[in-house]
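The values are calculated or read from the model by the stated rules, or taken from the named source; none is laboratory data. These figures come from a predicted structure and were not determined experimentally. No Cβ is skipped: glycine too gets one built from the backbone with ideal geometry, and neighbour counts run over all protein chains shown.
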Amino acid sequence: MNGGRDRSGPLRGVVLDTDGVLLDSAVVHAAAWKTAFDACLAEPASDEPGAGAPFDADAEYRRYVDGRSRYDGAEAFLTSRGIRLPPGSPDDPPGCGTVRAVAARKEAAFRDALAAGAVVAFPDAEEALAALRTRDVPCVAVSASRHARTLLADTGLDRFLAGVVDGEDTARLALPGKPDPALFLHAADRLATGPGDTAVVEDALAGVRAGRRGGFGYVVGVDRSPDGSGSAALRQEGADLVVCDLMTLVREVWGEVR
Ligand SMILES: [Mg+2]
């Protein structure tokens, strides 16, 4: 997985995605989406082959949902199946009648999983953040999810971070979601490093695209799949380097851990 593209200068800061990079939560999000979508796919919207097939929590999660806001992700997947729903309103109860109702069902399923303690940090995350702090490289964690700040605190990772930008901030500041780079650029502002001197670390295709669009100095894809099956797509989106864990990234870019 090594052999990244050369950089022109040193990297002064790192913006890390949260779900799937720091927290082992992408699979929990994907399962919650499956609960929400499959409930609405019982009656196919068209005669197209596969229109009523269950949500693929791996391939379709990566293609349509991963890295996007709840609303954008729900709309992108439903549209791919020919299902066009009215937007609805933020207080719609869980259901299938509006995009926000589908998103609300996902949120309810995800909260159930959180209450059951389903989300933990990846074992390499704390080690890598500590190693970067030793090297005086500040890190900010970003997420489209409103749960990220709480989860980063619960797992203890927040003590290694210079800041967190999550779904609460994107809503308050009306920042567009990935693949728009606004979230990452806001995080780079928090670090006071220009995007050209900052690395973006992402597991989602939409996030790698956002890093490239934002003009970041180094875009790193994280492929935690056991067989490395996600690496080619991350490179295709423009990742300079793809790694299977965060300590590989630290060693590749900043040298051996002392
Ligand atoms: Mg992610």
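Conditions (1) buried (at least 20 other Cβ atoms within 10 Å of the Cβ); (2) among the hydrophobic types (A, V, I, L, M, F, W, C); (3) in a loop (DSSP other than H, G, I, E, B), marked per residue:
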site	(1), (2), (3)
G211	yes, no, no
V219	yes, yes, no
D227	no, no, yes
A239	yes, yes, yes
V242	yes, yes, no
L249	yes, yes, no
E252	no, no, no
E256	no, no, yes
Fill in the blank from the handout: Being at pLDDT below 90 and basic (K, R) narrows R68, R63 down to just R68
Practice task
Evaluate the following for A206: is it of a type in the set (G, A, S), assigned to a helix (DSSP H, G or I) and farther than 20 Å from A141 by Cα?
Solution key: no
Problem - Failed criterion for G215 (all others in (1) more than 23 Å from D72 (Cβ to Cβ); (2) more than 18 Å from the chain's Cα centre (by Cα) hold) - result: (1)
Completion exercise
Restricting the stretch 186-203 to residues that are touching a helix residue (DSSP H, G or I) at 6+ places or on another chain (Cβ under 6 Å) and not in a strand (DSSP E or B), the one farthest from E168 (Cα to Cα) turns out to be P195
Problem - Hey, L78 modelled with pLDDT of 90 or more and away from the ligand (no atom under 16 Å from the Cβ) or not - result: yes
Practice task
Examine the stretch 166-178 for a residue that is under 24 Å from F55 (Cβ atoms) and not in a helix (DSSP H, G or I), and state whether such a residue exists.
Solution key: yes
Exercise for the section: Answer yes or no: is there a residue in the stretch 176-190 that is crowded, with 17+ Cβ neighbours inside 10 Å, over 21 Å from R149 (Cβ atoms) and free of Cβ contacts under 8 Å to residues at least 24 places away in the same chain. Expected result: no
Practice task
Identify all residues within the stretch 20-43 that are touching a residue at least 24 places away in the same chain (Cβ under 8 Å) and not in a helix (DSSP H, G or I); write none if there are none.
Solution key: G20, V21, L22, L23, D24, S25, A39, C40, L41
Problem - Hey, G67 more than 30 Å from T155 (Cβ to Cβ) and among the small types (G, A, S) or not - result: no
Exercise for the section: Filter the stretch 204-230 down to residues that are at pLDDT 95 or above and charged (D, E, K, R) and give me whichever is farthest from D245 (Cα to Cα). Expected result: R213
Exercise for the section: Say whether the condition of being within 14 Å of the ligand (Cβ to nearest atom) and either surrounded by fewer than 18 Cβ atoms within 10 Å (Cβ to Cβ) or among the charged types (D, E, K, R) (or both) is met by at least one residue in the stretch 193-204. Expected result: yes
